[in-house]
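One structure is given below, encoded as structure tokens.
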Amino acid sequence: MFETQQKWEKFNHEWNSLVYSSFEIQYDEHLKSLLKEFSSYPDAVKAESAHAKLKRQLGSCQVSFQASFEKIHSLLKLQHTDIKASFEKSLTVMQHQFKPSQFRELRGNVSISTLEYLLVESKRANSIGIDVEACGCILHHTYGLPCAHEIADYIRQDRPIPLATIHSQWRQLHISVCNKEDETEVTCHAEVELFVNKFNESDRTMRLELSKKLKEIVYPGSTFLVELEVKPKTRPRDHKKINVSTRRDPCAFELVQSGHDSFSPRDTQITTLAPTLQTKKKRPVKGKEKVNSKGKVYITRTVKPGAYVDAFPSGLKPYIKFVKDVAADGNCGFRAIAASIGHTEDDWAQVRRDLLGELHTHKEEYITLYGSYERFEELTSILSYFEGSPGYSHWMTMLDMGHLVASCYNLVLYHLSLQQCLTFLPLRTVPVPQLDRREIAIGFVNGNHFVQVLL
């Protein structure tokens, strides 16, 4: 409707002044100004009936607001009367039932319900005394009020019950303007000193863990995890792979160590020890059997690379991009975690140290989580083994260690198997946005072996 931008901005300003009028008088003045200034624009200001309607609405709003205000004021006045009566009643109860010297700090400062609770606890204090176990301290933990043994101790010392021991929800309500100058300064000197003392008392492994946690707190966006490096393939297709492995062949005692030994089709051949009949007659060797100097036979079997395809629920198969195997030496679970967080699988010992540090840094939390101190000690024993080829008693165990992994590295851990699929989240950190979230997955196959799973 307007020829120039300047004319439109002026009209818009006048219109906003009209709409946001605080009082009826202001509204009338702004309306007259608008009609006079833009009388040559009848299409813009012709809706006088709309203005009249808006005016009536403003009037009704004022009436409605006034009624609401009066109602709220009457309710507050009634509440004030009830609260005042409650405290007057509490004063009467105190004068008749309590010793004035014992409850003088509470007079007029706490509600009647508080005094009724304290009356019951005072009667219990006469029979319980300062015995903490007999007291149970239920009132202290659930209501924030002094319990029987605490009251008995105050009586023994001839001290009144301090008002500071009463939780703020039971005290008299004071409505006043909060001055910023009166606010208590928030500092962390005590916490920093506690952290330094804890740091100095810890060993090297624990110090590294504490340093990582502190850095993550100060810089929430930082992390000590690194992206997994993918080396480009430079070998031509027709080039034959040369075996340059320095791994030794397994010894016999390692092969028959236990019935729970980890099994993996990572290598093209898996060697197992088979019993043989020791006879004077030489038995010919067939197929892929090898005979050592002591007459024991190792029967090898070839496993196809796709042996893990059926090791997971069929519904998850479309989401599994690749399954990467790790060495089956008893440390396979820790190897899979190390490879998943961007290290090499040979860094399995560092993963053990990291999880051990996580377990002991938050000892009380994990004792509560696992249900007993004995289970905490068992996990400590499992993680404290840093030699090669550990036995079954030092393998990674789920459910317990999933919590340690997720919390230690601040990531989401998926554990996949035919028996049970689990998701572990960090226990202490706040939820991370999906784009910044770190997620890894490991699989449990053959009932005794962990592998790395890429989703």
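Any read-out appearing in this document is the output of simple, stated calculations on the displayed coordinates, not a laboratory observation. This one's a predicted model, so the numbers in the text were calculated from it and none came from an experiment. Don't worry about glycine lacking a Cβ; one is built from the backbone with ideal geometry, like all the others, and counts go over all protein chains shown.
Summary table below
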item: Fewest-first sequence of Ser21, Ser407, Ser168 by Cβ atoms within 10 Å of each Cβ; result: Ser168, Ser21, Ser407
item: Prolate/oblate/rounded label for the range 354-455 (Cα gyration tensor, a/c 1.5); result: oblate
item: Modelled FRET efficiency - R0 22 Å, Asp153 with Ala190, Cβ distances, 0.05 increments; result: 0.25
item: The range 307-454 - share of DSSP beta bridges that are antiparallel (%, nearest 5); result: 70 percent
item: Sequence of His140, His73 once ranked by neighbouring C-beta atoms within 10 Å, starting from the fewest; result: His73, His140
item: Tensor-based shape of the range 100-170 (alpha-carbon gyration tensor, a/c under 1.5 rounded, otherwise prolate or oblate); result: oblate
item: Neighbour-count order for Glu193, Glu105, fewest beta carbons within 10 angstrom listed first; result: Glu193, Glu105
item: Neighbour net charge for Leu427 - beta-carbon separation under 11 angstrom, K R +1, D E -1; result: -1
